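Okay, structure first, notes after.
We did not get these values from a lab; they are worked out from the coordinates using the rules stated. Just so it is clear, the model here is predicted, and its values are computed rather than measured. Cβ coordinates were reconstructed from backbone atoms using ideal geometry, including for glycine residues, and neighbour counts include every protein chain displayed.
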Amino acid sequence: MKTMVRFGVLSTLTVFIAFLHVVVSKRSVSSNVVWAVDCGSSKKLRAKSGFVYQGDIGHSANSKVSDYSGSDDARRTPFRFTDEPNVYYTERHADGSFTYHVALKEDGNYVLNLKFAEMWFQEEGKRVFNIKIGDTRVVKDLDVFAKVGRFAAHNEWIPLELRKKQLFFQGKAIKGGVEDSGQFMEIKFEQGKADNPMVDAIVVFKGTLSDTDYAHQERLRTHWNDFLLEKEHGERLTKLKEKRRERNDVVDVEVEAEFEEVVEGVDAVGVGLFHELSKHIGVCLATIVSFIVLILNALYGGKVESSKKLKVH
């Protein structure tokens, strides 16, 4: 009974924290997106963070499309470092350099997010290229396989500023960065040391890096195993609940022991989500959640072990 109470309280708290985190993140990120394209695709695609990728537009005529959505090899292999793999199954490339022209509506800070995945080559050094904005090289010798391997997401984040029809990168003016109208930025995927350049998606955010989903994408990259573990806990809990129902409340020592183990995993997930909540929606709300945990402890007369670990940073 004590385990069930603890599990119920922690599950509710975890879901509550996750819900708040997702709602706040989606609302803030999606409202900052001013341009998003799923390169190589003719269809719209809704991102996990709420904004919509448009079908492919703005590219130069010399470029081509590769579509890996029908590839058994790509579909069989678990895609890493992203929670939206579908955006990487189509790409645009060229036998040489190619460009995109992206609309910028007003002066201010922007962040250009370029998304890549190596779907063809199986070793590093086979595809190496550069990225330029106007005449300025903003990424040199990009080898996606060397960064993350095959069937894995890689992001490039490029902060920019548009001021009086002049584009700036790292405080320096970019020659040819925007057209004379000052409304279209030119992104060039430049052929480099090996094979041909490519890109899977382009997103432009209004604001600085903190106004994008950079933090979320970095968490997926640096804590990928934790992300998989969280999914595993959810699947195991579902199966264990079914076992309990099948046995009609007859105690099975092995099932109960496994249930305890998975609950501890849920505790850890809850703590992790709490820390992310603290970062994204403030110390004040995190303090309120801590207070709720204390109240639940008092009401149930039990002990939520993981609440000892909850600290506001």
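The figures follow:
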quantity: Separation between Cα centres of segment 135-181 and segment 197-230, rounded to whole Å; calculated: 16
quantity: Cα-based shape type of segment 183-232, given that a ≥ b ≥ c are square roots of the gyration tensor eigenvalues and the cut on a/c is 1.5; calculated: oblate
quantity: Residues of segment 192-206 with amide N under 17 Å of the 7 Å Cα→Cβ point at GLU124; calculated: 193-195
quantity: Segment ILE57-ASP95, length gained on full extension (0.36 nm per residue, minus Cα span); calculated: 11.8 nm
quantity: Cα-projected label distance for SER71 with ASP83, points at 7 Å along beta-carbon direction, nm; calculated: 2.5
quantity: Other-chain or far-sequence residues with amide H under 5 Å of VAL139's (modelled H); calculated: ILE131
